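S.K.: Take a look at this one; I'll ask things after.
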Amino acid sequence: MKIWQNLINQPGAVIADGAMGTMLQQAGLKPGELPTLWNVEHADRVRAVHGAYIAAGAQVLLTNTFSGNRFCLAKHGLASRVEEVNIAGAQILRAEIEAQNKQGAALVAGDIGPTGELLSPLGRLLFTEAVDGFAGQARALIKGGADVIWVETMADLEEVRAAVEGTRQASADIPIIATLTFDTRGRTITGVKPETAAATLSGCGVAAFGGNCGNGPNEILSVIQKMHAAVPEAILVAKSNAGLPEFVNGATVYRAAPETMARAALQLRAAGARIIGGCCGTTPAHIAAMARDLKA
Ligand SMILES: [Zn+2]
């Protein structure tokens with residue numbers, strides 16, 4: 001709680017990290033392989049990514065636990081390993097922060113991604129089951145040393161509410177950051193508008209909220225503008241992909257250069273974003289360029 005307050009009370013932008021998934025792909029993660037499992041199978045490679053982001057200037061870093069809820073793990077026959085992979089994910093990041101002597105200057109954000117299921121009544125997953133699944137993940141992340149919980153890449157506000165409620169079952173006061181993906185003509189894939197998300201999230205006890213992933217910095221810029229207009233006092237988060245995803249030979253590539261993302265970061269700050277990082281395709285070089293210009 002206090003470490004979050006200290007960070008957010010400093011003037012200026014707070015630097016978040018960049019992508020984990022695309023970095024692990026470069027480190028040898030195969031298509032279909034579960035990135036979260038690398039916390040136990042290739043902890044050194046996960047830790048190296050964190051290390052590069054800390055060195056680039058990131059102050060809030062996400063654990064490699066995006067698919068660490070029991071619903072995603074169950075699809076790989078790993079539902080019984082929620083505790084293990086999430087504790088390991090938080091510990092790896094915590095250990096790297098300590099190794100670089102950045103205690104208090106870099107935060108462990110326990111990453112919670114979507115269940116991959118549709119919530120009832122659209123789908124079959126009950127709200128209470130989702131809450132219970134998220135609570136289990138949050139408990140393990142906190143046990144492993146998370147300073148905050150970061151709920152990300154969400155499309156459905158009900159699922160965000162389930163993640164917030166689950167996190168609150170695990171801890172009454174850990175700060176929660178929540179970001180949605182507005183990749184469908186300015187809305188999330190379930191139709192949520194940025195201003196609606198802002199109004200809902202500002203009333204549900206999250207410390208900061210905003211957008212992540214999607215179609216690059218221009219899309220996130222308009223999300224931040226709308227959220228800022230809707231709730232001017234909110235602490236807003238922008239974590240965009242490195243440009244529009246392009247599909248080349250079966251792979252997804254992101255072409256925005258570090259300098260492009262650095263220019264976008266200044267625009268995002270001017271539009272009201274406070275915590276700024278990157279999502280898919282952003283690398284430590286992107287974050288270093290963004291941090292350099294945001295801190296200039
Ligand atoms: Zn992304």
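What follows is calculated from the coordinates using simple rules that are stated; it is not laboratory data. On a predicted model such as this, the values are computed, not experimentally measured, just so you know. Counting neighbours? That spans all protein chains shown, and the Cβs are built from the backbone with ideal geometry, glycine included.
S.K.: Taking a point 7 angstrom from the Cα of Thr196 along the C-beta vector, which residues in the stretch 208-239 have backbone N less than 16 Å away?
M.R.: Backbone N within reach: 223, 226-227, 230.
S.K.: Have a look at Ala55, Ala251, Ala207 and tell me which one the Gaussian network model of the chain (Cα, springs below 10 Å) gives the largest fluctuation.
M.R.: Looking only at Ala55, Ala251, Ala207, the largest GNM fluctuation is found for Ala251.
S.K.: Could I ask something else about it? Which residues does the label zone of Ala229 cover in the stretch 172-198, counting backbone N under 15 Å from a point 7 Å along Cα→Cβ?
M.R.: Those under the cut-off are 186-187, 193-198.
S.K.: Taking a temperature of 25 °C and a viscosity of 0.890 mPa s, what whole-number D in µm²/s does Stokes-Einstein yield for the stretch 1-60 with Rh from Kirkwood over alpha carbon pairs?
M.R.: Rounded to a whole number, D works out at 187 µm²/s.
S.K.: Any chance you could run the full-extension gain for Arg185 through Phe247? It's 0.36 nm times the residue separation minus the Cα-Cα distance, nm to one decimal.
M.R.: Additional length available on full extension: 20.4 nm.
S.K.: Within the stretch 70-108, list the residues whose amide N lies under 14 Å from a label point set 7 Å along Cα→Cβ of Lys2.
M.R.: 104-105, by backbone N distance to the label point.
S.K.: Related question: Can you pull out the GluC sites (Glu not before Pro) in the stretch 179-256 that DSSP calls coil and that have at most 11 other Cβ atoms within 10 Å?
M.R.: Hits after loop and neighbour filter: Glu233.
S.K.: Roughly what % antiparallel, to the nearest 5, for the DSSP beta bridges in the chain?
M.R.: Here the antiparallel bridges make up roughly 10 percent for the chain.
S.K.: Something else about it: Take Ala257 and Ala270, extend 7 Å from each Cα along the Cα→Cβ direction, and tell me the distance between the two endpoints in nm.
M.R.: Between Ala257 and Ala270, the simple spin-label model gives 2.0 nm.
S.K.: Could I ask something else about it? Which GluC sites (Glu not before Pro) does the stretch 36-126 hold that lie in a coil by DSSP with at most 13 other beta carbons within 10 Å?
M.R.: Here no loop site has a sparse enough neighbourhood.
S.K.: How far is it, in nm, from the label point at Leu126 to the one at Asp173 when both lie 7 Å from their Cα along the line to the Cβ?
M.R.: 3.3
S.K.: Which residue fluctuates most in the GNM of the chain (Cα springs below 10 Å): Ser240, Ser120, Ser222?
M.R.: Result for the chain, Cα springs under 10 Å: Ser120 fluctuates most.
S.K.: Once you compute Rg and the Kirkwood Rh from C-alpha atoms, what is the Rg to Rh ratio for the stretch 2-294?
M.R.: 0.93
S.K.: What does the helix-only formula give at 222 nm for the chain: each DSSP H stretch with n ≥ 4 adding -39500 (n - 2.57), the total divided by the residues, and the result rounded to the nearest 500 deg cm²/dmol?
M.R.: About -14000 deg cm²/dmol.
S.K.: To the nearest 0.05, how large is the calculated FRET efficiency for Ala74 and Ala296 if R₀ is 41 Å and r is the Cβ-Cβ distance?
M.R.: 0.30
S.K.: I would also like to ask the following. What does the highest-first list of 122-134, 262-274, 101-113 look like by mean Cβ count within 10 Å?
M.R.: Taking the mean over residues of other Cβ atoms within 10 Å, the ranking is 101-113, 262-274, 122-134.
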